[in-house]
1. Give me the extension gain from residue 479 to residue 805: residue separation times 0.36 nm, minus the current Cα-Cα distance, reported in nm with one decimal.
2. Classify region 120-165 from the C-alpha gyration tensor, please: rounded if a/c falls under 1.5, else prolate or oblate depending on whether a/b exceeds b/c.
3. Expected output is a single nm value to one decimal: the length gained when fully extending between residue 566 and residue 782, i.e. 0.36 nm times separation in residues minus the C-alpha distance. What is it?
4. So for region 1-152, Kirkwood radius off the Cα pairs, Stokes-Einstein at 25 °C and 0.890 mPa s: how many µm² s⁻¹?
5. Please give, to one decimal in nm, the separation of the simple spin-label points placed at residue 112 and residue 755, each 7 Å out from Cα toward the Cβ.
6. Taking Cα centroids, how far is region 627-672 from region 494-543 in Å?
7. Relative to the present Cα-Cα distance, how much length would full extension add between residue 24 and residue 303 at 0.36 nm per residue of separation?
8. Can you work out the FRET efficiency for the pair residue 151 and residue 692, with r the C-beta to C-beta distance and R0 = 45 Å, to the nearest 0.05?
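Please treat every number below as a calculation from the coordinates, not as lab data. No experiment lies behind these values; they were computed from the predicted model shown. Cβ placement follows ideal geometry from the backbone for every residue including glycine, while neighbour counts extend to all protein chains displayed.
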């Protein structure tokens, strides 16, 4: 918009360029203006450049030379600007003049300079000038000019714009004429201008706004908002196929802007303005259009109506945004305790009264446009000045207005005076509304008091009170709320009702007493002993529906129901939920477990979905404010992702989304159950951050399996590291220079998020990519490591690849077993996985590494060292030696190539179930108190036997001797022997593949394998 301002400072040369910012140059510009008072095609560009130069000099003089403004004021140079405008000089000159004036006022910082510019009323003359507003550029610069002026308003400068004697405030009245302009940026600028005006604490100016402009402006504004609401409702009714979501989103955003604007006016806390605005909002918009549509869906009536879902949606937005107590209390009173007499009795009264008042509590169009109403009030103000030129107080004006209304015979004048008198009668009409509400409140309280006086328990009193209220007093709006929560087929209306209840209970302006009448506690309610049983049962029923296989309950509805139930049954002393309701909730949770059983699979995708959903639920809990900003929930629930609607706001599509939904339902109900029972979550997440190795941790790597490698990153960096594999992670470490045998972690990544591939032309290299866990199921995984690992030979490359692959499988298997335990599924006894074993005695199992520093390198205190490595006995050759010592007291060596594959199957079958105790997790050199022979607890053992029973018994005896095997013959060396015979032996219990051992095992007949569940 202001791009042309870059050409202000030209690229001149010599003395003229150096003295452009000076008083002399301003005098020269003044001389040009005096010589070109008439705008022609020949001097148009010259005049525009002259005005630009004068503006630039004024900005410079504001900060450097006060004599510049003295000369500007002395020569009355603003008159030349007005003369140029009044000559109908064309669009180009008008645009440039508005642009330069706008920038001039934006950059003036000293109040004295601002007073110079605003004096002599020239600025107001520019404001009321009749520009061609059909030109978008002129409109944009004009409204920007007004906005800039409004930002300069304060108690001192307001007198330059508001004239008390003439009752004229051009800056405000000219701006509000564009409140319904088709361009949204113009409407936003008008709102900013009005708010800047209302914030100025000048009582005469504010009284002028109330008496002359408030009623016409607010009545037209309310009609404009209501018209947008009806258009929004029509869009919802005709867009069942989700084709006009763009237009619907724009209409919802416009309504939100209106509500925020109204709330901004109310929080300025100008009492008499708030009274007028509250009256118009309640009686001309919220009650007759929003609330009345809750129970009257017959489109044939005279009153305009909107659909139920739109009404609930918009009321939820009202309570979420507006917190002005008189407004929200009156609105909540009608919804929670009102009936249709709020509308019918008022209509009957209006029939008997003057027809001029029939617009109250009805959504109808104002009799006059805003511009016409302002013009009528302006003419009336001029007539009063002729009668009495002095300023009069508000009371005298009110009396004179009333007198003039009685004496006017002309119909047009009567209409004009109605608009101004409505604001004055606001207080009396509000009193009528309050009287009706107070009488009904007394009746309601009386019915409650008669019940509570009986000698009954608190629970009986609560139930009797709620029952008495429902039966003895007709409350159709509250009945609609309860009925909408019964949603066996779909949750279309239930979601909006839950949002409405949530918004009302979290509204800071609503009196908690009003909410307590239906036992709906506020956000920070006091201690209580009872709660709304009807509402609690409806919420629990929604949870039961959600746990069914073919449920039509969206995740957003379930999560909001859980939030409300927590709020409903929790007080300061904890949960007050009844046992029967808690039992029903536990039943719903069990249903969700059974539902998840149908989707539980051993595939990798289930584990990923399980962790992704838990991460999404904990990182991004529901924000009801954001939910109610989404226009897509106004449309009927759909099950297709092609609409782009967020997963939690629609129904699932396909097995994958049904699985995700079942997982999320289980998480919500499990969390709610634990919360209501006062228990802490101990099993989720499956992997805790505190148990993971982090960068710069210092680990005890003595007797650990390390593989040296060169890491070449994607950007070409090359470093030497040692590769170590943990339970859940792979780590790259470098030796710690402070302690021998300890290493510093330079990188740690999860095995389950790793991809390992070989390099075609290099048998010593692996390409490894590790992704960061995604924050949502739809986000693209981000690689935190993408590098090529080069090992010293192809043997170590094979070992590393298989160790990483096996570690990944075992890490995922361990998590799947934990999920199975959560879901009460029959899980096979867990074998030792990557250093985790069944502990014997009271000794706790250890993790795979010992930390020199608990989390970082800062401390060397031995008290913080903890042994977390339990696989010291898994040194090279251990798997082969254990296999041979258990089943072949006299090892048979065979150079046959088939011995490698045979020994692999043999070792796997033997050691798949074996576990090592913590005492065996340390070498004798590390712990002098360790036994000479490690003890082994056998949970389930697979034995190799012959077909005859004698062979079986002989093998079992050999197995019983495993606890007496010496460990002295295990090779601790990590360096392979020269020219070894390779035996790629895998062990389900360890992460070690022994290629260093020179012991070879004969092949095994696979038909001779028998499994024994337990051997004592």
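1. Details: separation 326, 0.36 × 326 = 117.36 nm, distance 6.06 nm.
Gain on stretching residue 479 to residue 805: 111.3 nm.
2. It comes out oblate by the Cα gyration axes.
3. Between residue 566 and residue 782, full extension yields 74.1 nm more.
4. Numbers: Rh = 15.8 Å.
Result for D is 155 µm²/s.
5. The modelled label-to-label distance comes out at 7.1 nm.
6. 24 Å
7. 93.4 nm
8. Once the sixth-power term is evaluated, E becomes 0.25.
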